[in-house]
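Inspection log for the structure reproduced underneath, given as structure tokens.
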Amino acid sequence: FLPNATSFQIGLIYDMQWSIIPSILQVDYTLIFVLMGILWYFTRKKLIHVSILIIFSLACYITPLFVSAMDLGRLVSFFGPPQPYMILAAPFIYLYNHTKGSSHKYFFYIYYPLHQYMLLFLGLAIKAIFP
């Protein structure tokens, strides 16, 4: 495809394609967390939301231990290493009082994709420097 391309360039092209052509299988925090969002949609109590979050966080922590022991490596990708840390959001979700804060709507339209690209380029640069 690109005979003279470096691994950095190929990685950049691969990662940029998901920015242009989204995939349902490439959602943040995997497809399992779409299920968590659906469960939250149908429940209205904060305590139930926090309970669902804790259950999913614990599943993300425990499941890779069992899956790797059974040599089912593909399933581990559904429960990646940073995902159990979402349990740290539980107190903030529980304390949320449904009052709208100051509106920075357009700031986040710029900030979110910009920080994603910055992290992408940083990760690719680190991979290129330390292969």
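The values are calculated or read from the model by the stated rules, or taken from the named source; none is laboratory data. Since we're looking at a predicted model, the values are computed, not measured. Glycine gets a Cβ as well: all are built from the backbone with ideal geometry, and neighbour counts include every protein chain shown. The accessibility values were calculated without ligands, DNA or RNA, using every heavy atom of the protein model including side chains. Shrake-Rupley method; radii C 1.70, N 1.55, O 1.52, S 1.80 Å.
What does the accessible area per residue of segment 83-128 come to in Å², with a 1.4 Å probe and no ligands, DNA or RNA counted? Spell out each step's value before the answer.
Numbers: 4010 Å² over 46 residues.
Each residue of segment 83-128 exposes 87 Å² on average to a 1.4 Å probe.
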Any lysines whose Cα falls less than 17 Å from that of residue 100, other than same-chain ones fewer than 8 residues away, would be 46
Pairwise label distance in nanometres, residue 111 with residue 20, each label 7 Å out on the Cα-Cβ vector: 2.9 nm
